[in-house]
Amino acid sequence: MSPGLSPFVDALRLPAYVCSNCGFWQRHFAEPPSCPMCLDARHVVPQQGWRFLDLHAAQRAFPCHWEELEPGAWRFWNDPVEGIGPSSYLLRTPVGNVVFEGASVFSEVALDKIADLGGVAVLSASHPHSYGALWQVQDRFDPELALAAGDFGWSAALQVTWPFDECLEPLPGIELHRTAGHFDGHTVLFDRERRLLLCGDALKFELSPHDRRQATTISAHKAFVRATPLTPGELRRYRDVFAPLDFRQTWTPFEQARNSGRAEALALIDGQLAARPHPRQVPLDELRAAP
Ligand SMILES: [Zn+2]
Ligand SMILES: [Zn+2]
């Protein structure tokens, strides 16, 4: 990790604790008194009180798995898991790997697998709900950490080395675009070669029970757990970001939809802008049948 300013750098060596209700990690000198992510309006407080796990307890409780979803595009996740349980994605490129989003916790074997795949040149995430254990990847591989400046306040467990405003191309063919909306710094990753959008929580899918790579519905929210819609201005901003990006697959931190791309995302947004924004799941067949 880059050195930071002594004597403050030791704060980034404090032990980390994860909140079992949401999966947000904090570095603290003792078990934290509360979790800022759960107290935020986009989440909910735990109804039975706080429970925090240290690294080893989290690794024991939440086994880590991985799979190659498309050539050179890997997913790491935990199952079983508590909290939000996001997937982490590793995309191989000819000049280095990018990891986008963090799994709730990485096992040592999973980190060794990432090392076998070539390590990590650039690390990023869509927004704080899917930071997961990014700090483990940063500690192990010392990559550039590129995050939109709008969410800097949530990155206390990390060392941001490459803050950006609206767009960044940290590796050739890998584009980061700030959508704002769900979070002020909410960012999507567009992989030009794979025509793949890692959309964070900008979009949400329901999947076919027969094929987990096939989405049946699509939706967009300000806060999913509260079924709060986006504003018209936020939707227009999403549209402005998506329209120039020719993506054919859309992966959230939870779903990897092979059958939904730019056309479906724009149709969802246009439908909401034509009437009133809503948080409902819209069947993809209905969108495609619309004139
Ligand atoms: Zn929490
Ligand atoms: Zn979120």
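The 3J(HN,Hα) values that the Karplus relation (6.51, -1.76, 1.60; θ = phi - 60°) gives for the stretch 183-197 are, in residue order, 10, 4, x, 4, 10, 10, 10, 10, 9, 5, 5, 8, 6, 10, 10 Hz. Gly and Pro appear as x. With all pairs of separate Cα atoms included, the stretch 173-284 yields a Kirkwood hydrodynamic radius of 13.7 Å. Ellipsoid semi-axes for the chain, based on the Cα gyration tensor and the rule √(5λ), read 30, 21, 19 Å when sorted largest first. Cβ crowding within 10 Å ranks TRP154, TRP162 as TRP162, TRP154, fewest other Cβ atoms first. Cβ-to-Cβ counts within 10 Å put THR93, THR187 in ascending order as THR93, THR187, the fewest first. Counting neighbouring beta carbons within 10 Å and listing from fewest to most, the residues THR179, THR161 come out as THR161, THR179. Each residue of the stretch 53-68 was assigned a 3J(HN,Hα) from its phi angle through the Karplus expression (A = 6.51, B = -1.76, C = 1.60, θ = phi - 60°), giving 10, 7, 4, 5, 5, 5, 5, 5, 7, 10, x, 9, 10, 8, 7, 9 Hz with x at Gly and Pro.
The charge dipole of the chain, taken about its Cα centre with unit charges on the Cβ of Lys, Arg, Asp and Glu (plus for the first two, minus for the last two), comes to roughly 620 debye.
Bear in mind these aren't lab numbers, they're just calculated from the coordinates by the rules spelled out. On a predicted model such as this, the values are computed, not experimentally measured, just so you know. Neighbour counts are summed over all protein chains in view; Cβ atoms, including those assigned to glycine, are modelled from backbone coordinates with ideal geometry.
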